[in-house]
Amino acid sequence: MLVAVSGGKDSLALWDVLVALGYQADGLYIKLGIDGGVRYSDQSLEKIEAFIAARPGARLTVVDVPQELGAPIPLAAQLTRRGQGRPCSICGMSRRHIMNRVAHDGGYDVLATGHNLDDEAATLMGNTLSWQVGYLARQHPVLPASDDGLVRKVKPFFRFYERETAAYALVCGIDYVYDECPYAVGATSIYYKGLLNQLEADRPGAKLQFVLSFLRAKEEEGAFAQAASEVTLKRCPKCGQPTANDGECTFCRTWDRVRERLASQTHPQTQMEAR
Ligand code: AMP
Ligand code: FES
Ligand code: ZN
């Protein structure tokens, strides 16, 4: 299986557990080109490299976004103005695309991520407050592979509180990046996490109950089943990955636009002449 590792506590703890349980688990790190005054991406890779140095046999694939796609994520966000210039939208979309591509092309049967209970509860809260029934229908710790090229995705830590994965990392001597992504400041998911922490302080177990009863309602009572109707995915003619779009997928379109805008900034004269 392939484990997506960010250098944070959850994904490094997950990788450690999977290896200890005897899985052949290889790592994937997506270097996003984020600095934020704390060398965020470089620091994350250093933690991952220290992790594998202590575990001979652990294999890591690194996808370097600025090198492979032409720009670091913050610049790409500015150039496309996707998500009003905030990097999180292009970042999330690109990460999902790269994870699926690397898992699919590498012949991995499963892609595991380190999402914990706090992540899942915050996502659930966001989806519920705006009644995103399509997202609610698809929110699950296990998503099966599809014939059209989506690999199986699992979130083995979805029942664990963030403080539990942090405790595990601490006890096992796993060093990880403490900084949050600098662009996460002010993100709604962090605001929801704060609200859920208040709820948890008053009613211990509330987060776990929120997520587990949601999953039970789906499994036992068919909640949101109607919204789960299969969207037929097509193949992107450029990269071959599954997409709901007619024609090129959102990833290819977005990054083509980034490179076009970069080229026109670098060679404004040539671009003017070409018009
Ligand atoms: P996040 O969306 O940042 O909460 O991360 C959720 C999960 O996605 C992490 O636990 C990792 O498994 C994975 N992930 C996040 N960032 C990266 C990255 N840069 N490279 C690889 N995997 C990542
Ligand atoms: Fe992607 Fe923060 S990790 S914008
Ligand atoms: Zn594509």
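The values are calculated or read from the model by the stated rules, or taken from the named source; none is laboratory data. Model, not experiment: these values are computed from the prediction. Here Cβ is always computed from backbone atoms with ideal geometry, including for glycine, and neighbour counts include all displayed protein chains. Protein only, heavy atoms only, side chains kept; ligands, DNA and RNA dropped before computing areas. Shrake-Rupley method; radii C 1.70, N 1.55, O 1.52, S 1.80 Å.
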Inset, instruction - Working only within segment 85-125, note down all residues that are modelled with pLDDT of 95 or more, within 16 Å of ligand 2 (Cβ to nearest atom) and small (Gly, Ala, Ser). - result: Gly92, Ser94, Gly114, Ala122
Inset, instruction - Search segment 81-118 for residues being open to solvent by less than 40 Å² (accessible area, probe 1.4 Å), under 13 Å from the mean Cα position of the chain (by Cα) and of a type in the set (Gly, Ala, Ser), and hand back the single one that is farthest from ligand 3 (Cβ to nearest atom). - result: Gly114
Legend entry - Top-ranked residue in segment 232-243 [being in contact (Cβ under 8 Å) with a residue 12 or more places away in the chain and touching a helix residue (DSSP H, G or I) at 6+ places or on another chain (Cβ under 9 Å); ranked as surrounded by the fewest Cβ atoms within 10 Å (Cβ to Cβ)]: Gly240
Legend entry - Sole residue being small (Gly, Ala, Ser) and in contact with a Phe, Trp or Tyr (Cβ under 7 Å, 6 or more places away or on another chain), chosen from Ala187, Ala112, Ala169, Ala145: Ala169
Legend entry - Residues of segment 241-255 satisfying the condition of being more than 9 Å from ligand 3 (Cβ to nearest atom) and among the polar types (S, T, N, Q): Thr254
Inset, instruction - Taking the options Ile52, Ile48, Ile73, name whichever one is within 26 Å of Thr266 (Cβ to Cβ) and away from ligand 3 (no atom under 16 Å from the Cβ). - result: Ile73
